[in-house]
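Q: Would you mind keeping the following structure in view while I ask a few things?
Taken together, the values in this text are just the output of simple stated rules run on the coordinates, not laboratory data. Keep in mind that this is a model prediction, so the values were computed, not measured. Reconstructed Cβ throughout: ideal geometry from the backbone, glycine too, with neighbour counts over all protein chains shown.
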Amino acid sequence: MRIIFTTWAWPSHLYAMVPLAWACRAAGHDVLVASQPELTGAILRTGLPAAPVGRDVDAVATFHDIVFPPPSAQRPAGGGPRVFGLLTELAEAMADDLIELAGRWRANLIVFEPTAFAGPLAAAALGIPAVRHLFGTDLMSVVGRFLPDVLAPLCAKLGLDGVDPFGVATVDPCPGGLQVPVGSRRLPMRYLPHNGPGSLPAALPAPSGRPRVCVTWGTTPSRVDPELFLAGEVARAIGDLDVEVVVAVTPEQRPLLGELPPDAYVTEGTPLDLLLPACDFVVAHGGAGTLLTGLAHGLPQLHLPRLPDHQRHAGRLAEAGAGLVLPAPDAEPGAIRDRLAELLAKPDHAAAARRLQAEMSGQPSPAQVVNSLESLLVEPGASRPQPSAVTVEQ
């Protein structure tokens, strides 16, 4: 097979697809990752080949307006969340080039993350299957009714009668206890964390016997607005609890932390998957990658979400019993401290996290999901077409 994986330029959406993309390569299939030029460097750091398509769009500014809406903010045509305006702009920025690339490269299949609508549009234009790859719980599950109207202008521009935004199947890395209904055939897949490149951290302080709490705020909040980056505030709020505090940040976030309790340990640029085996709890912003990586290690979590997708992910975790939620606007130091103390005091949350970890471990591996992708081709026994030349960055 010749498979294009596509996302718009947001690293966490890319990272979720990396294990399956590599499984496809390991199975002998040709893989190409197509995204806006801004994401090229991040793609190359995964070891996968990159193909820039379309133009960059200032998604950060839009997310900022969603959190801090200006007085003139309006909903997009057709109703639905304001973010649909951004998602259609991203699809329009990428669709023409993605169609041209996929046709010239003679792709058999397009795998897209659920907010990258250029993927199913390109697949529909070329008459090939499109498969969604979730990066967390299905954010589109409750807004699917808006999508036909949202995508109708783009379909008309591309000469399409319509498009199925849910694809012929949906790869779902969530454990069963977190899953929500999806709009196409579900392909469950074991979540394998990919948190970007990094090294095993230097030795952490020797265990003291106290619970070790990892405080991390992903990469999205600080990009949208420093006001949304609460890692330093959280570390200070919980500093007088009987816990060890480990703060995981990027080098760019380190200056945002401010003064920390003297015994807080800070690690920069360490992938969570390498850090969390030495931790007992996670306090974070509600991002899907952080949430699922924490569950992969069976850790209960406290989330302080602000962005809409973070609120959805965090809420689902709390419903499953594996964590607690404190909305970010309510995150006063006393409230943060009390909520974490509640999480520490109730072993039921840890037991629920371990149950989800076991469910996650029992799902098919990415290598097994490759077999399901192969079965989706209309003519799986057909000889592989010879591609024309295409510029790929290695």
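Q: Give me the one-decimal nm value for the distance between modelled label points at ASP149 and ASP164, 7 Å along each residue's Cα-to-Cβ direction.
A: Rounded to a tenth, the inter-label distance reads 2.4 nm.
Q: Find me the longest stretch of the chain that has none of the exposed GluC sites (Glu not before Pro), where exposed means in a DSSP loop (not H, G, I, E or B) with at most 14 other Cβ atoms within 10 Å.
A: It runs 1-251.
Q: In nanometres, what is the gap between the two model label sites at GLU100 and ASP263, each 7 Å from Cα along Cα-to-Cβ?
A: About 6.1 nm, to one decimal.
Q: Hey, quick one: spin label on VAL67, modelled 7 Å out along Cα-Cβ, who in the stretch 293-320 has an amide N within reach, i.e. under 20 Å?
A: Label zone hits: 302-316.
Q: Normalising by the residue count of the chain, find the relative contact order in percent from Cα pairs under 8 Å and 6+ residues apart.
A: 17
Q: Assigning unit charges at the beta carbon (Lys, Arg +1; Asp, Glu -1) and nothing else, what dipole magnitude in debye, to the nearest 20, does the chain show about its Cα centre?
A: Value, rounded to 20: 860 debye.
Q: Lone cysteines in the chain, defined as no other cysteine's Cβ under 4.7 Å from theirs: which are they?
A: Lone cysteines by the Cβ rule: CYS24, CYS155, CYS174.
Q: Using the Karplus curve 6.51 cos²θ - 1.76 cosθ + 1.60 with θ = phi - 60°, what ³J(HN,Hα) values do you get for each residue of the stretch 37-47, in whole Hz, with x for Gly and Pro?
A: x, 4, 8, 3, x, 5, 4, 4, 6, 7, x
Q: Collect residues whose amide H, placed 1.01 Å from N in the peptide plane, falls under 5 Å from the amide H of VAL215; neighbours closer than 5 in sequence don't count.
A: Under 5 Å from the amide H of VAL215: VAL246, VAL247, ALA248, VAL283.
Q: Just for the Cα atoms in the stretch 132-242, what are the lengths along the principal axes, largest first, rounded to whole Å?
A: Principal-axis extents of the Cα atoms in the stretch 132-242, largest first: 62, 33, 27 Å.
Q: Under a no-solvent Debye model with one identical scatterer per Cα of the stretch 1-155, what's log10 I(q)/I(0) at q = 0.14, 0.18 Å⁻¹?
A: Treating every Cα as an identical point scatterer, log10 I(q)/I(0) equals -0.67, -1.09.
Q: For the stretch 264-342 and the stretch 222-259, what is the separation of their C-alpha centers, rounded to whole Å?
A: 13
Q: Continuing with the same structure: With N set to the residue count of the stretch 252-369, report its C-alpha Rg divided by 2.2 N^0.38 Å to two decimal places. Could you put the intermediate results ahead of the total?
A: Values: Rg = 14.9 Å, N = 118, 2.2 N^0.38 = 13.5 Å.
The value comes to 1.10.
Q: Additional query: Can you list residues whose amide H is under 5 Å from GLN36's amide H, if they're 5+ apart or on another chain and H is modeled 1.01 Å from N?
A: Here ALA9, VAL53 satisfy the definition.
Q: Which residue fluctuates the most in the chain, going by a Gaussian network model with Cα springs under 10 Å, if the choices are GLY315, GLY269, GLY127?
A: GLY127
Q: Mind listing the Cα extents of the stretch 2-56 along all three principal axes, in Å, largest one first?
A: Cα extents, longest axis first: 32, 19, 14 Å.
Q: Hey, what do the phi angles of the stretch 249-264 turn into as Karplus ³J(HN,Hα) couplings, whole Hz, using 6.51/-1.76/1.60 and θ = phi - 60°, x for Gly and Pro?
A: Calculated HN-Hα couplings, in order: 9, 7, x, 5, 7, 3, x, 7, 6, x, 6, 10, x, x, 9, 6 Hz.
Q: In addition: Kindly write out, for the stretch 180-194 in residue order, the coupling ³J(HN,Hα) from the Karplus curve 6.51 cos²θ - 1.76 cosθ + 1.60 (θ = phi - 60°), rounded to whole Hz, with x marking Gly and Pro.
A: 10, x, 10, x, 8, 3, 7, 10, x, 9, 4, 6, 10, x, 10
Q: Let me ask something additional. Under a 10 Å cutoff between Cα atoms, tell me which one of THR290, THR115, THR220 has the largest fluctuation in the Gaussian network model of the chain.
A: Per the Cα network of the chain with a 10 Å cutoff, THR220 tops the list.
Q: Go ahead and set up a Gaussian network model of the chain, Cα springs under 10 Å, then flag whichever of GLY287, GLY196, GLY334 fluctuates most.
A: Between GLY287, GLY196, GLY334, it is GLY334 that shows the largest mean-square fluctuation.
Q: Based on the inverse mean of 1/r over its pairs of different Cα atoms, what is the Kirkwood hydrodynamic radius of the stretch 86-192, in Å? Present the calculation step by step, with values, prior to reporting the outcome.
A: On the way: mean 1/r = 0.0712 Å⁻¹.
Hydrodynamic radius (Kirkwood, Cα only) of the stretch 86-192 equals 14.0 Å.
Q: I'd like the per residue volume of the convex hull spanned by the Cα atoms of the stretch 190-282, given in cubic angstrom. Could you put the intermediate results ahead of the total?
A: On the way: hull volume 10.0 nm³, N = 93.
Output value, Cα hull per residue: 108 Å³.
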